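Since the structure comes first, as structure tokens, the remarks are kept for the end.
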Amino acid sequence: MAREQLQTLSEPMYYILLSLIEPRHGYDIMTKVSELSKGRVVVGAGTLYTLLSRFEKEEIIYLYAEEKRRKIYLITQKGMNMLKDEYIRLKNMVADGDFLFKK
Amino acid sequence: MKKIYFGGFSSIEYKLVELYLNELSSNGFYMEKVKFGIGYFLECEKDKYIYCTDVIFNIKDIDDYKNFYEDIGWNFVCSIGNIQVFRSEKEKNLPPIHTDKNIEKDLIKTSIKNNLISFITIIIIAILTFINMDYTTILENIGLASLIIVLFGIFNSIFINIYEYREYKYICKIIDNKEYSKNFKNMVTVKRYLKILYILIIFIAITLFLSDIFNGSTVALVMIIFIAYMFIGGFILSVIKSNSKNKIKFIIFSIIFIIGGMAITPFAIMTMSSLNFNKSENIIMAEGGRYAKCSDIFNNATVKNSRYSEKSSILVPKSFDYYEISKDDDVVISVRTEYFMGINNSIAVYIFNGYVDNLKQKNDNRQYENIYKLEKTDLFNCDKAIIIDDETVILLKNNEVFVIELEGDITSPENINICEKIIE
């Protein structure tokens, strides 16, 4: 079930992966996500914990380091490809809808 | 200090716990701790804290999980079963723990699935119990106690499944709309009464078990020892699990526990049954009781061996099985009486029918067609009588059942006379 879901990324998933381009731990990810989305997307602790465990299991991210019991994650090559695919998909979707505003 | 009953919440009610705690917080109370199902609350300024609950299944590293939440700003307060309670100052303005509706709904679906699995297990246990149930179940309190526990288990399981499903729908609505209208006080009261009901039923079951032990039932004693073993062992295991992060230690203890359990049970049963066997050997019975004796057939019979065992329960206050064999000048006589006294006629009828059914079943299993010849007769001065194999008769009179086995044809005038004397 999880595998199917990960073929397209949900909004929080997309932003979490975006923030993990650089090594980050839990709280850092949370603040970065709202910074990147200009406060539009908020990720709660539980949602973040669930998604990080799932990403780690699917080898989309990996445990980069552990500092003072804080786990720091970084995106993997697989995750990077996924993120880029998603970016292209979203861009195409936007481009396909462009004519709505060109009238 | 304010004390509130805070036990008995099922996993799926984590959201209600959250709403309840936030309501208390807005009234100026914060939770200090939960001990034995009682929540202890202290006063503070109104709306100082905000609570958020999570529910966990299959989380391997609980410390890592708690650290993660604490790092973000949610301080761990306590756990109630699978429900984890977190708190933070309202001024921190943290986003709630769950911000993704689908992930949250998936999470609580697990709880529903777990309930269904336990329901299936209970149904299997119930089916096995009812297949094995016959008149012997009600002869001892231990049988009755198991029956009560199984029946209660079924009703409880059905109730919980329906209740949890309704709750699931309701929680989904809360997740979607963030709206609720539920009277928490009533809910907590219902939980408290349910808890009292549980304790009452467990108390009844334990009393029944203990009464059996005082009546000399070894089975009950073995079961009590086994339950105590499981309980204490489970407790020790949980302490080890919470105190040491060393998984190997836990696994080794679990293995010792299981092997110990497997070794102790047969050993205990063997010891107990040998004790019981010695006790029932060669009991000299008083004259003129409600059982057959060899001397009823042959005046100067010398009893070589006899065996007596007794059982009692709430529904059948007295039942015994007495067997006697005598030998004089190469003439061997053996007689046997089984006696059951039900609290009323319908219990006696149930035992009577159950006894006959058991014999019929044995007859079928042996596949000898004429060994047990069952036929009705009104030769004996009683309500119902069935003769088996010409030698044994099962008699029902008011609330009593007699199974009498004598030498020779049971329908001979002498034997009928003996039987009538016994059941008088």
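General observations
- Within straight-line cross-link reach of residue A:78, aspartates and glutamates at Cα separation under 18 Å, skipping those fewer than 8 residues along the same chain: A:4, A:22, A:56, A:58, A:59, A:86
- Stokes-Einstein D in µm²/s, Kirkwood radius over Cα pairs - the range B:46-141 at 37 °C with 0.692 mPa s viscosity: 194 µm²/s
- Selection of trypsin sites (Lys or Arg not before Pro), the range B:121-178, meeting DSSP coil and at most 15 other Cβ within 10 Å: B:178
- The range B:101-215 - convex hull of the alpha-carbon atoms, volume per residue in Å³: 103 Å³
- Relative contact order [Cα under 8 Å, 6+ residues apart], chain B, whole percent: 10 percent
- Full-extension gain in nm, residue B:176 to residue B:424, via 0.36 nm per residue minus C-alpha separation: 81.8 nm
- Peptides B:132-138, B:56-62 ordered by average Cβ neighbours within 10 Å, highest first: B:132-138, B:56-62
- Using the Cβ-Cβ distance between residue B:75 and residue B:310 with R0 set to 60 Å, the FRET efficiency from 1/(1 + (r/R0)^6) comes to roughly 0.45.
- Here the simple spin-label model places points 7 Å from the Cα toward Cβ, and for residue B:250 and residue B:105 these points are separated by 3.3 nm.
- Its Cα gyration tensor gives the range B:2-92 an equivalent ellipsoid; the semi-axes, largest first and in whole Å, are 20, 17, 11.
- Shape analysis of chain B based on the Cα gyration tensor places the equivalent ellipsoid semi-axes at 63, 23, 19 Å, largest first.
- For chymotrypsin sites (Phe, Trp or Tyr not before Pro), the sites in the range B:288-341 that DSSP calls loop and that have at most 16 other Cβ atoms within 10 Å are B:298.
- Those residues of the range B:14-42 whose amide nitrogen sits under 17 Å from the label point placed on residue B:3, 7 Å along Cα→Cβ: B:31-42
- Kirkwood Rh and Cα Rg combined as Rg/Rh, chain A: 1.03
- Full-extension gain in nm, residue B:187 to residue B:128, via 0.36 nm per residue minus C-alpha separation: 17.7 nm
- Average beta carbon contacts from partner chains per residue of A:50-56, 10 Å cutoff: 2
- Against chain B, whose longest principal axis comes from its Cα atoms, helix B:345-366 is set at around 80 degrees.
- The tail of the calculated P(r) for the protein assembly as shown beyond 31 Å holds 64 percent of all Cα-Cα pairs.
- Per-residue shielding of B:67-77, expressed as the average number of other chain Cβ atoms within 10 Å of the residue Cβ, stands at 5.
Since every read-out is calculated from the coordinates, none of them should be taken as a lab result. This structure is a prediction, so every number in the text was calculated from the model and none was measured. Counting neighbours? That spans all protein chains shown, and the Cβs are built from the backbone with ideal geometry, glycine included.
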